[in-house]
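Colleague: Right, I'll just put the structure down here and ask away after.
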Amino acid sequence: MAQAIIQVEHLNLAYKDIRAVQDVSFCVKPGEILAVIGQNGSGKTSAVECVEGLRRPDSGLIRVFGKDPWTRRCEVYKEMGVQLQEAEYPLKIKVEEQCRLFASFYDRPADWNLLLTQLGLDGKRKCLVHKLSGGEKQRLSILLSLIGRPKLLILDELTTGLDPEVRQNMWAGFETIRENGVAIVMVSHYLDEVEALADKILYLEKGKQQFFGTQKGFREYAKSRMPQEERNDNYSLEKLYLMIAPKTTGLTMEGIL
């Protein structure tokens, strides 16, 4: 049995009086895609930032490639690629300059010229990064996360700002990546994306782990939280999620008219 690339046991993290992550445990093996889902404020980003070594947990065990990502961050980063939902780049840097800079960080970087073509950015290589559209910046962020030939990819809102065709192509690309043994952790609000890609799901509510397991297991878990008369085997993953997630106040016309 393959050793887990990520092992998290009883993770806890608080910001003063706010318990952001409470007793969360999960693992990710080579070639697996884990989707971390939950509403805004559920602790998704905080948990993933602990895995990335960006935050020190209050308690619990985290191992990435068998190492503590907080104390051995530089070693872990040699084999980890991270794509952020929002990233800041130098104001006057061009796309190809940014790619060349990232490639210089690694002993054996991927062919970023090929990645530019595959991600539809070849025609933007001379463009200043800050002048790219939102979707183009997203694709560049994904490209940069791949330059180091990572064994672990962490993706935050993978396809935000991308049109449907590009999203589908991106899904196919990450299926190929995982087939080569790369583990992927994706934080996503798009449940169609989760349904298309994820092997495992980690579902959080208000910092607490509600479920960790397979997609099939999540469907059974969701149905167990629903009244018998509302259960339906044909529901999409998104429909099931919406039926069990804590309800939020919708938009009303009060105060507008």
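Colleague: For segment 222-257, name all the residues that are open to solvent by less than 60 Å² (accessible area, probe 1.4 Å), of a type in the set (A, V, I, L, M, F, W, C) and either within 21 Å of residue 22 (Cα to Cα) or at pLDDT below 85 (or both).
Modeller: Residues satisfying the conditions are 222, 244, 245.
This table checks each residue for (1) small (Gly, Ala, Ser); (2) touching an Asp or Glu at 6+ places or on another chain (Cβ under 8 Å).
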residue: 59; (1), (2): yes, no
residue: 67; (1), (2): no, yes
residue: 91; (1), (2): no, no
residue: 94; (1), (2): no, no
residue: 99; (1), (2): no, no
residue: 102; (1), (2): no, no
residue: 132; (1), (2): no, no
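Colleague: Among the residues of segment 132-171, how many are touching a Lys or Arg at 6+ places or on another chain (Cβ under 9 Å), open to solvent by 50 Å² or more (accessible area, probe 1.4 Å) and over 21 Å from residue 75 (Cα atoms)?
Modeller: 1
Colleague: Which numbered condition in (1) closer than 25 Å to residue 97 by Cα; (2) over 13 Å from the mean Cα position of the chain (by Cα) is the only one that residue 155 fails?
Modeller: Checking residue 155 against (1) closer than 25 Å to residue 97 by Cα; (2) over 13 Å from the mean Cα position of the chain (by Cα), the one that fails is (2).
Colleague: Hey, another quick one. Scan segment 97-131 residue by residue and report those that are in a helix (DSSP H, G or I) and either among the charged types (D, E, K, R) or open to solvent by 70 Å² or more (accessible area, probe 1.4 Å) (or both). Spell out how you get there, then give the answer.
Modeller: The initial filter retains those residues of segment 97-131 that are in a helix (DSSP H, G or I), namely 97-103, 112-118, 122-124, 129-131.
Listed by number, the residues that qualify are 97, 100, 101, 114, 117, 118, 122, 123, 124, 130, 131.
Colleague: Same structure, new question: Suppose we filter segment 206-221 for residues that are surrounded by fewer than 17 Cβ atoms within 10 Å (Cβ to Cβ) and either touching a residue at least 40 places away in the same chain (Cβ under 8 Å) or among the hydroxyl-bearing types (Ser, Thr, Tyr) (or both); how many remain?
Modeller: Here the count works out to 3.
Colleague: Pairs under 7 Å by beta carbon, first residue on the phi < 0 side of the Ramachandran plot and among the aliphatic types (A, V, I, L, M) in segment 106-134, partner open to solvent by 80 Å² or more (accessible area, probe 1.4 Å) and not in a helix (DSSP H, G or I), six or more apart or different chains?
Modeller: 110/149; 128/92
Colleague: Among the residues of segment 179-189, what is the count of those that are surrounded by fewer than 18 Cβ atoms within 10 Å (Cβ to Cβ) and either within 23 Å of residue 19 (Cβ to Cβ) or under 14 Å from the mean Cα position of the chain (by Cα) (or both)? Reasoning before the result, please.
Modeller: Initial filter on segment 179-189 (surrounded by fewer than 18 Cβ atoms within 10 Å (Cβ to Cβ)): 179-181, 189.
Okay, now just the ones that are also either within 23 Å of residue 19 (Cβ to Cβ) or under 14 Å from the mean Cα position of the chain (by Cα) (or both), so 189.
Total meeting the criteria: 1.
Colleague: Moving on. For segment 37-92, how many residues meet the condition of being aliphatic (A, V, I, L, M), touching a residue at least 12 places away in the same chain (Cβ under 8 Å) and either surrounded by fewer than 18 Cβ atoms within 10 Å (Cβ to Cβ) or part of a loop (DSSP other than H, G, I, E, B) (or both)?
Modeller: Going residue by residue through segment 37-92, those that are aliphatic (A, V, I, L, M) are 37, 47-48, 51, 54, 61-62, 64, 76, 80, 82, 84, 87, 91.
Restricting the remaining residues to those that are touching a residue at least 12 places away in the same chain (Cβ under 8 Å) gives 37, 47-48, 51, 61-62, 64, 76, 80, 82, 84, 87, 91.
From the residues that got through so far, the ones that are either surrounded by fewer than 18 Cβ atoms within 10 Å (Cβ to Cβ) or part of a loop (DSSP other than H, G, I, E, B) (or both) too are 61, 84, 87, 91.
The qualifying residues number 4.
Colleague: Tell me which residues, restricted to segment 1-36, are in a strand (DSSP E or B), under 14 Å from residue 198 (Cβ atoms) and open to solvent by 10 Å² or more (accessible area, probe 1.4 Å).
Modeller: If we filter segment 1-36 for residues that are in a strand (DSSP E or B), which is where we start, we get 6-15, 18-28, 33-36.
Right, trim to under 14 Å from residue 198 (Cβ atoms) and you get 26, 28, 33-36.
Of everything in segment 1-36, just one residue is in a strand (DSSP E or B), under 14 Å from residue 198 (Cβ atoms) and open to solvent by 10 Å² or more (accessible area, probe 1.4 Å), namely 26.
The values are calculated or read from the model by the stated rules, or taken from the named source; none is laboratory data. Predicted model only: the values in this text are computed from it and were never measured. Every residue, glycine among them, receives a Cβ derived from its backbone with ideal geometry; neighbour counts consider all protein chains shown. Surface accessibility is based on the protein's heavy atoms, side chains included, excluding ligands, DNA and RNA. Shrake-Rupley method; radii C 1.70, N 1.55, O 1.52, S 1.80 Å.
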